[in-house]
1. Is it the case that some residue within region 399-415 is over 23 Å from the mean Cα position of the chain (by Cα), farther than 21 Å from Lys299 by Cα and open to solvent by less than 50 Å² (accessible area, probe 1.4 Å)?
2. Kindly indicate which of Val157, Val126 is of a type outside the set (Gly, Ala, Ser), modelled with pLDDT of 85 or more, within 19 Å of Met221 (Cβ to Cβ) and in contact with a helix residue (DSSP H, G or I) (Cβ under 7 Å, 6 or more places away or on another chain).
3. Give just the number: which of (1) surrounded by 14 or more Cβ atoms within 10 Å (Cβ to Cβ); (2) among the acidic types (Asp, Glu); (3) under 29 Å from Ala215 (Cβ atoms) does Glu276 not satisfy?
4. Could you please find all residues in region 246-301 being in contact with a strand residue (DSSP E or B) (Cβ under 8 Å, 6 or more places away or on another chain) and among the polar types (S, T, N, Q)?
5. Would you check which residues across region 21-69 are touching a Ser or Thr at 6+ places or on another chain (Cβ under 7 Å) and either open to solvent by 90 Å² or more (accessible area, probe 1.4 Å) or at pLDDT 80 or above (or both) and list them?
6. Find all pairs meeting these conditions: Cβ atoms under 7 angstrom apart; at least six residues apart or on different chains; first residue within region 336-363 and closer than 19 Å to Val389 by Cα and at pLDDT below 95; second residue among the aliphatic types (A, V, I, L, M) and part of a loop (DSSP other than H, G, I, E, B).
7. Please go through (1) under 14 Å from the mean Cα position of the chain (by Cα); (2) among the aliphatic types (A, V, I, L, M); (3) surrounded by fewer than 24 Cβ atoms within 10 Å (Cβ to Cβ); (4) within 14 Å of Val79 (Cα to Cα) for Ala248 and return the number of the only condition it doesn't satisfy.
8. Run Ala282 past the list (1) modelled with pLDDT under 95; (2) assigned to a loop (DSSP other than H, G, I, E, B) and report the number of the one that doesn't hold.
Amino acid sequence: MNAGDRVRVERAGQSYEGVLLPSSTPNHVVVKLDGGYNVGIDRDEADVDVLESDVYDVESAQDEQGSSEIEFDEDLPTVSLISTGGTIASTVDYRTGAVTAQFDAEDVLRAVPDLAGMANYRGRVVANILSENMTPAVWQELAHAVEEEIEAGADGVVVMHGTDTMQFTASALAFMLDTPVPIVFTGSQRSADRPSSDNVMNAVCAVEAAKSDCAEVLVCMHADESDDRCALHRGTRVRKNHTSRRDAFETVGAKPLGEVEYGAASEANEVTFHREYDERGAAELALHDGLSTAVELVKFTPGMDVSLLEAAAAGADGIVLEGTGLGHVNTAWIDVIEDLNIPVVMTSQCIEGRVCDRVYDTGRDLLDAGVIEGEDMLPGTAKVKLMWVLENADDVADAMGESLAGEIQDRSTPWL
């Protein structure tokens, strides 16, 4: 048997059928199942039957390095595709059977032929990392890349990004860039080798959003479990609320800003918006990339020792607290907070609603201790904003209380 053969593997009464992959060790048989998952089986304990030879040309898949031929059409807008890695830019390493982030922007075009004819494309790679390895330094590098692409004439920018920390990077760019064109983040919950992958639809809808009139930082991901539309979330109001569903992202406290109805490769993809937004061309391109990296987000829990707060604050320029309810912590923390002598911003662990420290005694004491109310900002967004405000605003408290990039809503009211 050879890699690329279709095989059936019997082991301990279990049967596995799929395509044989190369294994990184001689002791295991690695099979890609029809559902998209890989399974590794001890070779000594496996009974393998070859059902069909050479159904998949693994060597060609590994060696294929052809370049994309992208034709320019003067009637089409230009969209810059920027890759930072993540599942949408990942493929299978046929030596190990693992999914790895190794595509550059041109590979995305080859992998998603549906993008052809929608726009003229320019591509660049800023990073090739999984999103858990994202850092503020990469945010800054990405912001510079986006600015350069817009200066070079891009009518919109699509950023390919891993989903786990996408909301943080989207927030960072929303604060760092004044943009005259759409900047659309997209990713994939399921890699391209799986039948249920969402990479094609998300990429197509993101390009459509990048051609729209909404010149904001957006996150474009599946709106529901069906393959019919993507939601467009404001980058500072979005949260990943599920580990693995394709519709994992939700706008907190409101409906998504807009949506893209997904047609097919030959059909139009309609973009609609539900609320006011910054229009294309209204802002002059500007980059404000200063960030303080010495900001910590601390989640308060019952019984938590205040020494953890003191440790987080040591050497920090600011702290964001994720308090209970309307924005509370144990009353024993209040004197410690007052003595920190750095900005402390209060947010809530509750998914919806806003902080109000004027209702209960604890809240009023926190305000007297100098705590800044975070309104209805998401805790992660508040951290990114405080990082930015510390380097770019004269008055931290005033700037944290002002909506700079749609991160604070005017009112917290039921919206369903």
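1. yes
2. Just one listed residue meets the conditions, Val157.
3. Failing condition for Glu276: (1).
4. Thr251, Asn269, Thr272, Ser292
5. Passing the criteria: Val29, Val30.
6. none
7. The number of the failed condition is (4).
8. (1) is the only condition that Ala282 fails.
The values are calculated or read from the model by the stated rules, or taken from the named source; none is laboratory data. A quick note: this is a predicted structure, and the numbers were derived from the prediction, not measured. In this analysis, Cβ positions are derived from the backbone assuming ideal geometry, glycine residues included, and neighbour counts consider all displayed protein chains. The accessibility values were calculated without ligands, DNA or RNA, using every heavy atom of the protein model including side chains. Shrake-Rupley method; radii C 1.70, N 1.55, O 1.52, S 1.80 Å.
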